[in-house]
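Heads up, the thing below is written out as structure tokens.
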Amino acid sequence: MGGEFAAPDIAWGALSPVLVVFAASLVGVVVEAFTPRAARRTAQVGVAAVGLVAALVAAVVVATQLPARGPGVGESTVAGTVVVDGPAVFSWVLLLVVGVGGLALFAERRVDAGLPVFASATTVGGPAEGGTGSAGSTGAGSGSGAGGLDAPEEPVEQTEVYPLLTFALAGMMLFAASGDLLTMFIALEILSLPLYLLCGLARRRRLLSQEAAMKYFLLGAFSSGFFVYGAALLYGYAGTLHLGGIAAAASAGEASQVLLLAGAGLVLVALLFKVGAVPFHAWTPDVYQGAPTAVTAFMAAATKIAAFLAILRFLAVGLGPVAEDWRPLVQVVAILTMVGGVVLAVGQSDIKRLLAYSSIAHTGFLLTGVLGLGASSTVGGISALQGVLFYLATYGVATVGIFAVTTLVREPGGEAGAVDRWRGLGRTSPLVAGVFAVFLLSLAGIPLTAGFVGKWSVFTSAASADAWGVVAVAIGSSIVAVYFYVRHIVTMFFADPPDDPPAVVVPSPLTSVTIGVALVATVVLGLVPGPLLDLAGDAGSFLR
């Protein structure tokens with residue numbers, strides 16, 4: 001006879017940011033079901049905005065209540081399945097900031113003559129095939145492509161995207177704080193399923209958008225299978241799914257290491273898929289191009305933050321005792337990802353595909369910083385966790401900002417996605433071109449931008465682990481990346497505009513404020529990085 005069931009203790013206050021976002025998601029479902037369609041958009045945007053802002057305030061409060069910096073700072077709750085420590089709370093704040101920016105882009109209507117970003121596929125007279133939009137006109141509000149469905153004359157806005165966004169964000173927050181593999185898997189599915197749906201909801205070029213969603217879903221399903229199989233092997237090895245229990249079994253070294261290494265490798269496959277690391281990157285350019293641009297902005301920034309926190313926690317807590325076994329694998333993947341991303345980005349002629357391969361390269365740079373986990377010393381006083389957290393912050397704001405600017409350059413068929421269509425933009429619209437150039441320079445890692453400090457922090461982290469070969473490849477890849485970023489800047493400012501230049505629209509305050517905040521953060525963090533670096537350092541280490 002087993003003992004009586006004992007309900008686990010739950011630290012409701014510490015979990016309040018996640019619970020608030022989940023509550024906003026559930027309220028959004030109720031609003032979608034019972035609110036009249038005419039008032040549904042306003043209600044959904046209001047519910048999501050209140051939920052995200054309230055969760056952000058709660059996350060800041062939780063952060064101030066954490067003890068002073070030190071090892072083992074934080075609180076393990078729900079029977080150890082959720083860990084509220086410094087890195088988790090830091091990532092929550094980042095995710096919520098990105099989520100507010102994503103919500104603003106979701107709610108934008110002015111950039112496409114008052115039409116919604118997301119609308120149903122049914123036209124007034126029924127669905128119509130056809131359209132000859134340019135190959136670059138993709139994403140939210142982009143033009144109809146060959147084989148795509150035309151936008152309706154009076155489109156019905158799909159307001160269910162707002163609870164989908166909050167559900168995905170709640171899953172990301174739980175993913176970053178998961179203390180065992182079962183909770184991590186549940187969080188992975190909670191964040192992934194809404195993203196699959198959101199990627200297929202572009203108002204124009206719907207078939208391309210739906211194709212992207214299907215590719216993302218199928219490959220994501222395979223990666224989830226790898227995760228489950230790997231978790232099963234790790235359970236067979238350690239007799240538990242808790243990361244701390246796996247680490248204890250690895251330290252004891254009594255069981256066969258084959259199960260440990262095989263299970264860890266399979267789980268890493270799933271986690272590396274979520275960040276688009278080579279060779280698990282094939283979905284990234286197609287999904288970035290086909291998804292609505294607002295979704296691409298949110299997904300590119302937020303998913304990387306959540307997934308890297310999960311990778312860091314899995315490696316540092318669960319596999320910390322066998323760091324010498326997993327570090328060579330991460331080195332190989334980091335090198336392949338950096339080189340593959342920059343080489344494939346050089347030949348891209350579409351803005352969103354260019355940024356997709358740029359995202360892959362940045363995944364490699366972040367993996368370079370991961371190599372410093374468990375290093376006995378630090379170079380430049382920057383720990384691996386501190387460097388990666390700072391890099392995620394700088395990359396997140398620049399990514400949201402650059403995709404937001406992408407939505408402003410438009411042709412009659414939608415967004416001007418082709419790189420060639422941006423020729424001479426610095427002459428016709430110097431402000432928009434200048435803002436876009438700042439984000440490009442930050443992604444390139446040019447000094448006086450946040451991206452430079454981010455790269456310096458992760459490179460020094462890798463140096464702490466004596467991974468000088470990887471650092472050398474990272475520096476070389478950064479130099480190649482400067483070429484295609486600067487090439488686009490030269491195209492905007494020094495090439496002659498086309499005979500029929502695209503229009504640059506004036507967005508609503510929603511998008512304008514999002515771009516402005518991202519721009520200021522990119523510049524300020526490049527000039528004065530100390531406060532954010534200190535906050536990342538004060539996050540301490542993972543609770544084990």
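Just so it is clear, none of the values below were taken in a lab; they were calculated from the coordinates. Keep in mind that what you see is a predicted model, and the values were worked out from it rather than measured. With ideal geometry, Cβ positions are generated from the backbone for all residues, glycine too; neighbour counts draw on all protein chains shown.
Being among the charged types (D, E, K, R) and part of a helix (DSSP H, G or I) is the filter; apply it to region 402-425 and report the residue that is surrounded by the most Cβ atoms within 10 Å (Cβ to Cβ).
Here the answer is 421.
What are the pairs with Cβ atoms under 6 angstrom where one residue, in region 247-265, is on the phi > 0 side of the Ramachandran plot and part of a helix (DSSP H, G or I) and the other, located anywhere, is of a type outside the set (A, V, I, L, M) and loosely packed, with under 11 Cβ neighbours inside 10 Å? Sequence gap at least six, or different chains.
Close Cβ pairs satisfying both conditions: none exist.
Kindly establish whether residue 75 is in contact with a helix residue (DSSP H, G or I) (Cβ under 7 Å, 6 or more places away or on another chain) and among the acidic types (Asp, Glu). Show your work before the answer.
Numbers: in contact with a helix residue (DSSP H, G or I) (Cβ under 7 Å, 6 or more places away or on another chain): no; among the acidic types (Asp, Glu): yes.
It is false that residue 75 is in contact with a helix residue (DSSP H, G or I) (Cβ under 7 Å, 6 or more places away or on another chain) and among the acidic types (Asp, Glu).
Out of 428, 491, 394, I need the residue that is touching a residue at least 12 places away in the same chain (Cβ under 8 Å), among the polar types (S, T, N, Q) and either crowded, with 24+ Cβ neighbours inside 10 Å or under 21 Å from residue 532 (Cβ atoms) (or both). Which one?
Working: 428 fails: either crowded, with 24+ Cβ neighbours inside 10 Å or under 21 Å from residue 532 (Cβ atoms) (or both); 491 fails: either crowded, with 24+ Cβ neighbours inside 10 Å or under 21 Å from residue 532 (Cβ atoms) (or both).
None of the others qualify; the one that does is 394.
One line per residue, one yes/no per condition, for (1) more than 23 Å from residue 91 (Cβ to Cβ); (2) touching a residue at least 40 places away in the same chain (Cβ under 8 Å); (3) buried (at least 20 other Cβ atoms within 10 Å of the Cβ); (4) not basic (Lys, Arg):
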residue: 178; (1), (2), (3), (4): no, yes, yes, yes
residue: 195; (1), (2), (3), (4): no, yes, yes, yes
residue: 209; (1), (2), (3), (4): yes, yes, yes, yes
residue: 213; (1), (2), (3), (4): yes, yes, yes, yes
residue: 218; (1), (2), (3), (4): yes, no, no, yes
residue: 229; (1), (2), (3), (4): yes, no, no, yes
residue: 236; (1), (2), (3), (4): yes, no, no, yes
residue: 239; (1), (2), (3), (4): yes, no, no, yes
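Got a number for residues in region 330-373 being within 22 Å of residue 87 (Cβ to Cβ), assigned to a helix (DSSP H, G or I) and hydrophobic (A, V, I, L, M, F, W, C)?
7
Restricting to region 313-329, name every residue that is of a type outside the set (Lys, Arg) and crowded, with 24+ Cβ neighbours inside 10 Å.
Passing the criteria: 315, 318, 319.
Is there a residue in region 298-315 that is in a helix (DSSP H, G or I), touching a Cys at 6+ places or on another chain (Cβ under 9 Å) and either of a type in the set (S, T, N, Q) or under 25 Å from residue 515 (Cβ atoms) (or both)?
Keep residues of region 298-315 that are in a helix (DSSP H, G or I), which gives 298-315.
From what is left, the residues that are touching a Cys at 6+ places or on another chain (Cβ under 9 Å) are 299.
Now restrict to residues that are either of a type in the set (S, T, N, Q) or under 25 Å from residue 515 (Cβ atoms) (or both): 299.
Within region 298-315, one or more residues are in a helix (DSSP H, G or I), touching a Cys at 6+ places or on another chain (Cβ under 9 Å) and either of a type in the set (S, T, N, Q) or under 25 Å from residue 515 (Cβ atoms) (or both).
Please verify whether residue 37 is over 28 Å from residue 517 (Cβ atoms), out of contact with any Phe, Trp or Tyr (no Cβ under 9 Å at 6 or more places or on another chain) and of a type outside the set (S, T, N, Q), treating the condition exactly as stated.
yes
Can you report the number of residues in region 283-297 which are in contact with a Cys (Cβ under 8 Å, 6 or more places away or on another chain) and in a helix (DSSP H, G or I)?
Looking only at that region, the number is 3.
Filter region 459-487 down to the residues that are β-branched (Val, Ile, Thr) and closer than 30 Å to residue 419 by Cα, then identify the one that is surrounded by the most Cβ atoms within 10 Å (Cβ to Cβ).
Ranking the qualifying residues of region 459-487, first place goes to 473.
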